[in-house]
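Report on the following structure.
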Ligand SMILES: Nc1nc2c(ncn2[C@@H]2O[C@H](COP(=O)(O)OP(=O)(O)O)[C@@H](O)[C@H]2O)c(=O)[nH]1
Ligand SMILES: [Mg+2]
């Protein structure tokens with residue numbers, strides 16, 4: 001009887017699920033015949049969008065006028081303008097067809113010898129966008145608000161050199177990748193406790209579980225201090241050994257750390273093993289491997305302010321394990337030398353601070369992290385200001401030396 005009831009409930013559930021899927025498929029295949037319906041549905045309904053492929057077509061140059069040597073107008077460019085507070089979803093809402101085109105240049109004719117220049121298509125995009133062409137070659141980055149980038153060049157107008165036939169504007173498919181802005185980026189292998197820390201320290205509600213890849217999109221949390229200062233922290237998931245060869249989710253999310261001011265590397269004192277088929281890595285190994293993955297993604301990341309968090313110090317034997325590696329962690333330059341070439345980074349990351357904590361159920365430890373990251377951010381801000389101040393002073397002094405002397 002019970003079995004029968006269970007059977008009915010499960011078939012009903014399957015039936016409803018199928019109905020829902022069919023409805024989604026119908027809805028999205030009728031709007032766009034060749035589209036991938038389910039993927040589109042997920043894309044439009046997921047909260048997070050950090051990459052997008054679109055097509056741009058710049059304007060073709062206008063025809064020249066051979067009889068009078070008239071030149072056609074240049075075709076318009078497609079140009080991105082970085083805009084604060086905008087998301088890729090806003091972009092998609094405005095351009096659902098994902099096609100951008102600029103105007104053609106005007107033709108030259110007897111009453112207007114120089115053809116009119118085609119109007120540029122200026123398009124607002126979120127600040128923090130990197131643009132690649134369809135072969136993944138970098139076209140440019142827009143990291144400053146109001147900065148501009150031409151992503152499709154308009155064709156030259158028709159003139160003597162091209163037989164008075166305007167050249168075609170660039171027409172290509174490009175990829176937009178968004179880098180999030182957060183003050184702090186959490187970097188670590190799965191299961192280290194990044195989501196647990198983020199949840200305990202901030203207002204974020206990430207998924208937590210003892211299996212890899214529970215977080216498949218970056219989560220951002222905001223930490224609020226007693227004086228109401230706010231600092232944001234992003235959990236960048238999915239990094240595993242070999243990510244640089246696109247294993248797992250590759251470096252998909254690592255690009256977000258490029259825009260953070262402080263890297264927070266989180267490792268499990270007990271080490272890490274993705275699954276029984278993979279090699280076990282000790283805590284020290286994971287630090288070296290993270291160092292290597294960061295370097296392989298972008299060497300400059302190693303120069304960012306960084307802090308190391310050794311997590312799960314509440315587990316059995318954690319303290320002994322920590323004491324064993326403490327010295328090696330503090331002298332990472334020497335430590336990496338003993339690693340084989342495929343693991344060894346060419347440069348050791350320099351930690352501004354190493355903290356051992358338990359992210360789970362230890363509010364005091366979490367508070368310690370919270371106050372330390374604030375201190376580190378402040379110190380680095382001050383250092384940067386000092387550098388700017390010093391270089392300004394240098395320039396002023398040089399000017400004074402070379403400048404005109406008043407008599
Ligand atoms: N014992 C112990 N377990 C922890 C601690 N922090 C996280 N965990 C557990 O480790 C597992 C993975 O944590 P999670 O935060 O999802 O790791 P993430 O993959 O790095 O985001 C979960 O089962 C957590 O409950 C800790 O300080 N001590
Ligand atoms: Mg997680």
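A few notes on this one:
- Computed from the Cβ-Cβ distance with R0 of 45 Å, the FRET efficiency linking residue 278 to residue 148 stands at 0.50.
- Counted by neighbouring Cβ atoms within 10 Å, the residues 77, 314 run from fewest to most as 314, 77.
- Highest mean packing first, where packing is the average number of other Cβ atoms within 10 Å per residue, the peptides 345-355, 99-109, 198-208 line up as 99-109, 198-208, 345-355.
- The stretch between residue 141 and residue 203 holds 19.3 nm of extra length on full extension. This uses 0.36 nm per residue minus the Cα-Cα distance.
- For the stretch 161-210 and the stretch 286-336, distance of Cα centres in Å: 25
- The label point for residue 230 and the one for residue 300, both projected 7 Å from the Cα toward the Cβ, are 2.8 nm apart.
- Stretching residue 368 away from residue 320 to a fully extended chain increases their span by 15.1 nm, per 0.36 nm per residue minus the current alpha-carbon distance.
- Both radii come from the Cα set of the stretch 39-148: Rg as radius of gyration, Rh as Kirkwood radius; their ratio Rg/Rh reads 1.13.
- Extension gain from residue 81 to residue 68, taking 0.36 nm per residue of separation minus the Cα-Cα distance: 0.9 nm
Each reported figure results from applying straightforward, stated rules to the coordinates on display, with no laboratory input. These numbers come from a predicted model, not from an experiment. Every residue, glycine among them, receives a Cβ derived from its backbone with ideal geometry; neighbour counts consider all protein chains shown.
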